[in-house]
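Engineer: I'd like to ask some things about the structure below.
Every read-out reported here was derived from the displayed coordinates using simple, explicitly stated rules and does not represent laboratory data. No experiment lies behind these values; they were computed from the predicted model shown. FYI the Cβ positions are ideal-geometry reconstructions off the backbone, even for glycines, and counts take in every protein chain you see.
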Amino acid sequence: MPSTDSLLKQLKESYPQLSFTEADDFQWLPTTLTITYPASDDSFDARLLHEVSHALLEHHDYTRDVDLIAMERDAWQYARSTLAPRFEVTITADNIQDDMDTYREWLHARSTCPKCGANGLQTKQWHYRCLSCANIWKVNEARSCALRRYNIQK
């Protein structure tokens with residue numbers, strides 16, 4: 001298994017079109033072709049390859065929240081099946097499930113009706129409708145900030 005510095009060097013050499021920048025979180029920024037990463041993380045190598053996978057799979061925007069979940073799943077699959085063997089990194093099922101759980105929790109929170117607590121369906125970008133009480137609400141992006149839900153129908 002390569003060291004963190006070695007893996008970063010290999011990735012920079014293999015993908016010169018991408019920029020790698022230290023930041024607070026792992027993130028793929030498609031507008032600048034930049035991957036950000038924290039100085040240390042228990043699963044640094046796996047998460048870095050996951051972000052590179054987003055870049056290589058050309059993940060940009062999503063309209064429905066479930067599309068983001070699908071992009072996350074696809075990036076993990078590509079990282080584990082294609083990049084991990086190439087760069088001699090181990091990506092465990094636990095690495096993947098731990099990260100995917102955060103997105104499932106995010107989606108569940110967004111789809112929970114602020115009026116009655118039942119689950120709703122996304123009707124368009126940022127908008128949900130409750131299956132139980134017919135309430136309609138709007139959400140913020142909330143991937144890296146606190147979730148906000150705003151009733152737009154009484």
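Engineer: Taking the Cβ-Cβ separation of Y62 and Q97 as r and a Förster radius of 30 Å, what is the calculated FRET efficiency to the nearest 0.05?
Structural biologist: Working: r = 21 Å, r/R0 = 0.70.
E between Y62 and Q97, to the nearest 0.05, is 0.90.
Engineer: Multiply the residue gap between N151 and T32 by 0.36 nm, knock off their C-alpha separation, and tell me the result in nm, one decimal place.
Structural biologist: 39.4 nm
Engineer: Find the centroid of the Cα atoms in segment 58-103 and in segment 111-150, then give the distance between the two in whole Å.
Structural biologist: Each part's Cα centre sits 25 Å from the other's.
Engineer: Once amide H atoms are placed 1.01 Å from N in the peptide plane, what residues at a sequence separation of 5 or more from S19, or on another chain, have their amide H within under 5 Å of its amide H?
Structural biologist: Placed amide hydrogens put T34, I35 under 5 Å from S19.
Engineer: Dipole of segment 28-152, Cα-centred, from +1 at each Lys and Arg C-beta and -1 at each Asp and Glu C-beta, to the nearest 20 debye?
Structural biologist: On the way: 14 positive and 17 negative charges, 183 e Å.
The dipole magnitude comes to about 880 debye.
Engineer: Oh, and also: Got a sec? Charge dipole of the chain, +1 on Cβ for Lys and Arg, -1 for Asp and Glu; which of N119, L131, A146 is way out at the positive end?
Structural biologist: L131
Engineer: Which length gain, in nm to one decimal place, applies between A109 and S19 when the Cα-Cα distance is subtracted from 0.36 nm times their residue separation?
Structural biologist: Numbers: separation 90, 0.36 × 90 = 32.40 nm, distance 3.27 nm.
Answer, rounded to one decimal: 29.1 nm.
Engineer: Still on this structure: Per DSSP H run of at least 4 residues, take -39500 (n - 2.57); add these up for the chain, divide by its residues and hand me the 222 nm value, nearest 500 deg cm²/dmol.
Structural biologist: Only helices count here, giving -12500 deg cm²/dmol.
Engineer: Please list 3J(HN,Hα) in residue order for segment 120-132, calculated via the Karplus relation 6.51 cos²θ - 1.76 cosθ + 1.60 where θ = phi - 60°; whole Hz, with x for glycine and proline.
Structural biologist: Ordered by residue, 3J(HN,Hα) equals x, 10, 6, 9, 7, 4, 6, 10, 10, 9, 6, 6, 8 Hz.
Engineer: By how many nm would the segment from S40 to S81 lengthen if fully extended, with 0.36 nm per residue of separation less the alpha-carbon distance? Each step should come with its number before you reach the end.
Structural biologist: On the way: separation 41, 0.36 × 41 = 14.76 nm, distance 2.38 nm.
Once the chain is fully extended between S40 and S81, it gains 12.4 nm.
Engineer: Among 100-112, 74-86, what's the highest-first ranking by average C-beta atoms within 10 angstrom per residue? Mind showing how you got there, number by number?
Structural biologist: Numbers: 100-112: 14.3, 74-86: 17.6.
Ranked by mean Cβ neighbours within 10 Å, highest first: 74-86, 100-112.
Engineer: If you only keep lysine pairs separated by 8 or more in sequence, or across chains, how many in the chain come under 28 Å at the Cα atoms? Could you put the intermediate results ahead of the total?
Structural biologist: Working: K115/K124; K115/K138; K115/K154; K124/K138; K124/K154; K138/K154.
Close lysine pairs under the 28 Å cut-off: 6.
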